[in-house]
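One structure is given below, encoded as structure tokens.
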Amino acid sequence: MVDERTRAGEGEVASHSGRSHHRTGRTRRRRLVATLRRFLSPPQTHVRPGRRPPELIYGLDDKVPRTALIPLAGQHAMLALTYLIYPLVALSEAHLDPGRIQAVLTACTLCIGITTILQCLPWRFGSGYLGIHVPSPGSIPLAIQSLSLGGPGLMAANTLVLGVLQLLISRIVRPLRVLLPPEVCGVAVTMLGVSLAAPALRRALGMTGGHVSTEGGALLVSGLTLGLIVAVTVFAPRRLKLFAVLAGASVGWATAFLAGIDTTDYAAILGPVELLDLPELSLPEARIVPALLPLMGLMVMMSVVDVLSTTVSLEKMNDADWRRADMGAASRAVTTVGIGNVLNGLVTGFQASLSSAAVGL
């Protein structure tokens, strides 16, 4: 009898101990989850009440229906993929083989997709706005220099270092408000658009590849594309205006394909590249060329101004009573850009940044 009571008591103690350990484990998991939520959640000061502009169809907190979400997402993806022409320019200057070109393009596409998702999330490392990441046009000089001195490995190493520098400078974006007022950011956005005017006009007129005369086919395609975009934007119903770029680009590409119009030499570059293939990722080289450090520093400052300008434009679009820039959101936007370039460097991609052209979509 005594032994039975002893065994029963020991069983109760063991059961109580098991329940206690189970409760302790659940408490620890809850604390860990709560800690992660506090760490990943954005500061409470980032939520700023604002009046929604009347011309805005879908706001930040609106649920977009699938009938509009899929075409809009395709429109943004189509615009982002057109920026792959900049890595193509840099890689073709280095005379890399098609397999290597495809590896860099695949890695870059993968990274800009991941960082766009991170940028859109309202967390500690994202601005919460629809900021589309694209290969940076301004990075072509650094990429060409890196490729000529050390190939894709050195380009990846420089991209990795540049991403780390962006992560560091994102911590001091808030004190830079005095040096980067809205007027400076507005001028930066304007000049970014102006810088695209000359190459866009050359391509619209077919004056590429050494041609000094206008190509009628290129002028037809560009005029039809631009005219349709303007017509949809001005005359179409309100909700259809969202798809102006998609409509214009689709008709323009279809016209160029059916008419056999191709005034560029990029078809020869893209010809040997597979349409669909698995990524072949590679690590960067562990070396830095000191002569490129000043150019890297200039690229970091240019990227900060570019990201801040794009973030300000997104804020003004979503707040009719906008008065000044939210430097917290700008800091998180720069952080995400830095994360994206670190990823690009680790997988031998191409330097990326926010697209100011996507703001208009």
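The values are calculated or read from the model by the stated rules, or taken from the named source; none is laboratory data. Bear in mind the structure is a predicted one, so any value in this text is a computation, not a measurement. Every residue, glycine among them, receives a Cβ derived from its backbone with ideal geometry; neighbour counts consider all protein chains shown.
Identify all residues within the stretch 276-294 that are hydrophobic (A, V, I, L, M, F, W, C) and either within 22 Å of the chain's Cα centre (by Cα) or at positive phi (or both); write none if there are none.
Taking the stretch 276-294 as the starting set, the residues that turn out to be hydrophobic (A, V, I, L, M, F, W, C) are 276, 278, 281, 283, 286, 288-289, 291-293.
Selection gives Leu276, Leu278, Leu281, Leu283.
Out of all the residues in the stretch 48-61, is one or more part of a helix (DSSP H, G or I) and out of contact with any Cys (no Cβ under 6 Å at 6 or more places or on another chain)?
Step one: filter the stretch 48-61 for residues part of a helix (DSSP H, G or I), giving none.
Among the residues of the stretch 48-61, not one is part of a helix (DSSP H, G or I) and out of contact with any Cys (no Cβ under 6 Å at 6 or more places or on another chain), which makes the answer no.
Please note which helices (runs of 4 or more DSSP H) are completely contained in the stretch 264-350 and include at least 1 residues that are at pLDDT 85 or above and basic (Lys, Arg). I'd like the intermediate steps shown before the answer.
Details: elements: 266-270, 293-318, 327-346.
Helices (runs of 4 or more DSSP H) meeting the threshold: 327-346.
Go through the stretch 62-72 and give me each residue that's part of a helix (DSSP H, G or I) and either surrounded by 12 or more Cβ atoms within 10 Å (Cβ to Cβ) or polar (S, T, N, Q) (or both). It would help to see each step written out before you state the result.
Let us first name the residues in the stretch 62-72 that are part of a helix (DSSP H, G or I), namely 66-72.
Those that are part of a helix (DSSP H, G or I) and either surrounded by 12 or more Cβ atoms within 10 Å (Cβ to Cβ) or polar (S, T, N, Q) (or both): Thr67, Ala68, Leu69, Pro71, Leu72.
Yes or no, residue by residue, for (1) at pLDDT 80 or above; (2) under 26 Å from Gly349 (Cα atoms):
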{"site": "Phe39", "(1), (2)": "no, no"}
{"site": "Gln44", "(1), (2)": "no, no"}
{"site": "Arg52", "(1), (2)": "no, no"}
{"site": "Thr67", "(1), (2)": "yes, no"}
{"site": "Leu84", "(1), (2)": "yes, yes"}
{"site": "Asp97", "(1), (2)": "yes, yes"}
{"site": "Cys108", "(1), (2)": "yes, yes"}
{"site": "Thr115", "(1), (2)": "yes, yes"}
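For the stretch 115-137: of the residues being farther than 23 Å from Met302 by Cβ and in contact (Cβ under 8 Å) with a residue 12 or more places away in the chain, which is surrounded by the fewest Cβ atoms within 10 Å (Cβ to Cβ)?
Per the stated criteria, the residue is Arg124.
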